[in-house]
Amino acid sequence: MTTNVTTGSKTFFGEPRALAFLSFTEAWERFSYYGMTSILVLYMSQALLLPGHVEGIVGFTAFRAGLESVFGPMTTLGLASQIMGLYTGFVYFTPVLGGWVADRWLGRRLAVMIGAMMMSVGQWAMAFDGSFLMALLLLVAGCGLLKGNISTQVGELYAETDGEGRTRAFAIFSIGINVGAVVGPLLCGLLAQLYGWHAGFALAGTLMLIGLFTYVAGFRYLPKDRPRAGQREKTSLTAREWRVVGALAVVAAITIFQSVGYYQNTNLALVWIDRSVDLNFLGFHVPVAWFNSIDPLSSIVFVPVLFALWRFQAARGSEPDDLGKIATGAWVTAAANALLAVSCLLSARTPVLVPVIYDILLGIGFLYYWPTLLALVSRAAPASIKATLMGAVFLSLFTGNFIIGWIGGFYEHMTPAGFWSMHAGIAAVGGVLAIALSRPLKRMLAVD
């Protein structure tokens, strides 16, 4: 049974105090992650994978041969895109394993701490060419232990019946994600531009350690671990619970389309900006990595705006349900990519304001679909496998990022307008599916 720990005199914006420590831990972790990813594809395509550097990466010859045996020969840019897609994809694949390990052996608290330590070591290893592949492996494994388990702890702060509280909590938790995602690219990108790529990676490692210290500082406020599988009676899922699991899997699968339209901004969008956008603004050359701070910043700014909008709609009986919000996120993401396509048709050199608006729209779309999905899974998932399912949600991001890396290889063979139009169409498919499947999915989930 999930314990409601919202009682007590000390709260965090009216929510349990533990939410503050979980949100700040996630903020530092996202600072580290997004700071690194904001420079990763540029670092690979402009330095690491070029002659003179690539030979120093331990194990890279065999690694590249394995990739090309599956995907065919790749250019330097295509290889960088594929590595980026695989890395970001597996970052979101391993949480399902991390949730499974926590449910059965480690418990969530220990899993989060081990994961944070592995990620810190991995970020520091990124500062050296030779340890590049080992760094990616540590980051992927560490994120697997941390990501789903910390999200599960957020949901466990509330009673099973407190759906509104969980939605508020995950929106606040998303603010922590986005604060880190704003600051990380700004500082890591600036350090990389001023002092070299490795300075940016070293800063990311340092901030991951701060995340670990933050989590330990709030340890006494966190919800207690559920008994592991060996300590509790094993129960089988009922037929209704299996239907819920199936419905949640379908909802998560629908969001893959939004994720493809959204997460390309950390991959080929940076390459497109570097090549096709006029980055001189009032005499200052804007670092490309800074654009990855815009969509999370808009996600922060628009949280109170959307809360007010949803309250206004709820008072009039017109607030979208979970599937409606997920569909809205898809439409907004499609519009963002369509904006890039139109700008490419109008001019060969795009004004800097266009990718700014693109990232703002992506941030709003993210707020509509991702916190909604997390809150839905936290509320509806069977208690005995909740951590596993919270980790499994990230499989949608694994699939989306895998696709992103693959279709990123098309960039050099398409016009930019065609490339971004393709992404707009992919995101729009998610909106169509969310609306078309809304009624049967709500019946299976037994939600209004």
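A few notes on this one:
- Where helices (runs of 4 or more DSSP H) fall entirely within region 330-425, those with at least 3 residues that are modelled with pLDDT under 95 and among the hydroxyl-bearing types (Ser, Thr, Tyr) are at 353-380.
- Residue within region 352-361 that is open to solvent by less than 10 Å² (accessible area, probe 1.4 Å) and under 15 Å from the mean Cα position of the chain (by Cα) present: yes
- Filtering region 69-124 to residues that are over 23 Å from VAL216 (Cα atoms) and of a type in the set (Ser, Thr, Tyr) leaves SER69, THR75, THR76, SER81, TYR87, THR88, TYR92.
- The listed residues are LEU445, LEU441, and the only one of them that is surrounded by 18 or more Cβ atoms within 10 Å (Cβ to Cβ) and either under 17 Å from ASN149 (Cα atoms) or modelled with pLDDT of 90 or more (or both) turns out to be LEU441.
- Any hit, region 55-66, residues being touching a Leu at 6+ places or on another chain (Cβ under 6 Å) and closer than 16 Å to LEU268 by Cα: no
- A search for C-beta distances below 7 Å between a residue of region 299-316 that is surrounded by 12 or more Cβ atoms within 10 Å (Cβ to Cβ) and any residue that is among the acidic types (Asp, Glu), counting only pairs 6+ apart in sequence or on different chains, returns TRP310/GLU319; GLN313/GLU319.
- Restricting the first member to region 171-196 and to residues that are over 17 Å from PHE13 (Cα atoms), and the second to residues that are β-branched (Val, Ile, Thr) and crowded, with 22+ Cβ neighbours inside 10 Å, the beta-carbon pairs closer than 7 Å and six or more apart or on different chains are CYS188/ILE39; GLY189/ILE39; ALA192/ILE39.
The values are calculated or read from the model by the stated rules, or taken from the named source; none is laboratory data. These numbers come from a predicted model, not from an experiment. Because the Cβ atoms are built from the backbone with ideal geometry, glycine has one as well, and the counts that use them run over all protein chains shown. The area values use the complete protein model at the heavy-atom level, side chains included, leaving out ligands, DNA and RNA. Shrake-Rupley method; radii C 1.70, N 1.55, O 1.52, S 1.80 Å.
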